[in-house]
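Below is one structure, written out as structure tokens; comments come after it.
The values are calculated or read from the model by the stated rules, or taken from the named source; none is laboratory data. Predicted, not measured: the structure shown is a model, and the values here were computed from it. Virtual Cβ from ideal backbone geometry, glycine too; neighbours counted across all protein chains shown. What goes into the accessible areas is simple: the full protein's heavy atoms, side chains included, and nothing from ligands, DNA or RNA. Shrake-Rupley method; radii C 1.70, N 1.55, O 1.52, S 1.80 Å.
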Amino acid sequence: MAYNVSEGAAYAVLFTVLCLFALIAIASADFFGGCLGNFNNLFVLKQGDEEETVDEDGKKINNNRKTDFFLSARDSAPASAIALSYFASGMGAWVLYGPAEMGANKQIGWLGVIGYAFASSAPAFVVFAIGPIIKERCLDKSFNVTDFGRQRYGRVMQFTIAVFSIFYMFIYIVAEYTSISNIYGSFVTNPIYEFDPMSVSIAIGVITILYTSVGGLPASIITDKFQGLMVGALVILLLFAVSVHPENQLTVEQWGKASNWTTEGLMAGVTLFLAVLSAEMFNLGTWQRVWSAKSEADMKKGFIGGSILIFCLMMFFGIMAMVAYAQDPVAYDNWTKFSFLSFFDLLAPLAPAWHIITLILVTSLAASSVDTLQNALMSSFSSDLIRLQKHYGFNEEAPKWIARLLILILNIPAVWLGAKAYDVLSLFLVADLVCACAVLPVFFGLMTEDKGIIAAPTELGAFLGTVCGVFTVVVIGVVVEAEGGLFEYFWLENGAICALCGSKTMITFIITPISAGFFCLFFSKLDVLIRGEDSARKPMLAFAGDELPEVEKADELGDEGVVKDVNKDEEAAKEPQKETAVTGMEDAEA
């Protein structure tokens, strides 16, 4: 493949697009005040029906810069913003590789392409169903599913969820840096130019950190809105350009070689559905949008709209890969051409202007995903930071700075690993399998009452179920005689035609969550029988901060909330109710 993008043009695209998003992020924090006039509402989210507030001197207080709103964008985003944000943030630069690997392979074909598209859009339907329930179960000013873990189970499961979530999102960021670096490197590196791909990762990492540090989650949602519109427009242009180019025209006979329905494709589709669904349940960026939606109706409409857009985009890249394969099936079959690069084979004969448009597209995709993940990382322990800040009287900006420091620390190794050019699908596969070990133990927490002989999960049961999920993967690796060390099988190198293909990989993704879920319920029952109902329902671990007053729900008690001494209420209660014990919402004792 040969492209005629100069180094200067590539850098011009990179920094122009990123600076544009930075300006939008600054506008989202209402730094431009009234300069934007009637257009201000396009850039600034407002919490519910809040009115402007002033301090003692009569000076206007910018509510968009308050710590809680900075970290949560609570109750502010309409359905259209949620839809475009979920779409843009979920579709990173990796989409140019992932669906292509399915489409440009005659042994996978339609079922792999459709399976990937459905798998990528399916998590929205799960959040549609359980998102309002989880939000309702969280009594304080919560931010995401880690807070659900703390309030439903306790500190041990909160940390477990945080570790799995941070691991998945870190891998996601590495995959984004890898993808965008590879794409820029492919478009620019030629006999004339020697291009350093790491410079692209550094630029995206630094600029997105800067503008998310200024605007927080509201900035991410607003930039996602514009990024989503840009991506949609650019994809339509590329569809037109690729389809009408003479070299990309196909006969019916050529198309028939790529249009296949196979068993391998079915297995890949099943694997993708289970893998992506398991991992996305730990994407804190997705859960943040549950709390940022203006209402439950806006949240549900937004997730469904975003899901449809994701399905269409995944199908677009998958079908384009099938077109590329149909043009030169021999080259793809003998590995002269690589399936994951098939979309770029279609771009090669286009005029240089279309290569520039592609770089604008992938820069928008990468920035939207990275800024969302950075905000999601900031939210991991946001509620605890705010509670401690209020109790000890720290500077109100302290939680923000701690959160910013966290994303800076995590981005440094992510940029370095992104330059190593790891296989993107393999990176995701490891993260997906790790998350499959914990997904059922965590979300079985929605069960708050015993169902016959099945006990509602306890914290110890959920934690041991997660451990058993990890152990299950190790056992499967021993059974299939996987090469390498004890945990080497998490890379799922089963010798199949692609990283996500084969019966062994599919069976692994079926057995692992089932095993984790079964042992979660099994150990929960044992826990109740051995330690007794009251002890089993208490958190396994408590910190000094857990005895601090909780801040109750913002939608019931106003923007700043009302401090309630939970411990005194517990002492006043004569008989603890089982529901309270099971849900763990009010219990703060060790």
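Points to keep in mind about this one:
- Any hit, segment 217-238, residues being assigned to a helix (DSSP H, G or I), of a type in the set (Ser, Thr, Tyr), loosely packed, with under 12 Cβ neighbours inside 10 Å and at pLDDT 90 or above: no
- Inspection of segment 491-503 finds no residue satisfying the criterion of being surrounded by fewer than 22 Cβ atoms within 10 Å (Cβ to Cβ), among the β-branched types (Val, Ile, Thr) and not in a loop (DSSP other than H, G, I, E, B).
- Any chance MET315 is part of a helix (DSSP H, G or I), open to solvent by less than 10 Å² (accessible area, probe 1.4 Å) and touching a residue at least 24 places away in the same chain (Cβ under 8 Å): no
- Checking each residue in segment 243-289 for being among the polar types (S, T, N, Q), more than 27 Å from SER503 (Cα to Cα) and part of a helix (DSSP H, G or I) picks out SER243, ASN248, GLN254, THR286, GLN288.
- Selection from segment 151-167 of residues that are in contact with an Asp or Glu (Cβ under 8 Å, 6 or more places away or on another chain) and either of a type in the set (S, T, N, Q) or at negative phi (or both): GLN151, TYR153, ARG155, VAL156, MET157, GLN158
- Test: residue in segment 335-346 that is buried (at least 24 other Cβ atoms within 10 Å of the Cβ), of a type in the set (A, V, I, L, M) and more than 22 Å from the chain's Cα centre (by Cα): no
- Single residue of segment 84-105 satisfying the filter (at pLDDT 90 or above and not in a helix (DSSP H, G or I)) that is farthest from ASN375 (Cα to Cα): ASN105
- ALA376 being at pLDDT 90 or above, touching a helix residue (DSSP H, G or I) at 6+ places or on another chain (Cβ under 6 Å) and open to solvent by less than 20 Å² (accessible area, probe 1.4 Å): yes
- Of all residues making up segment 119-155, the number that are of a type in the set (A, V, I, L, M, F, W, C), more than 14 Å from the chain's Cα centre (by Cα) and surrounded by 19 or more Cβ atoms within 10 Å (Cβ to Cβ): 4
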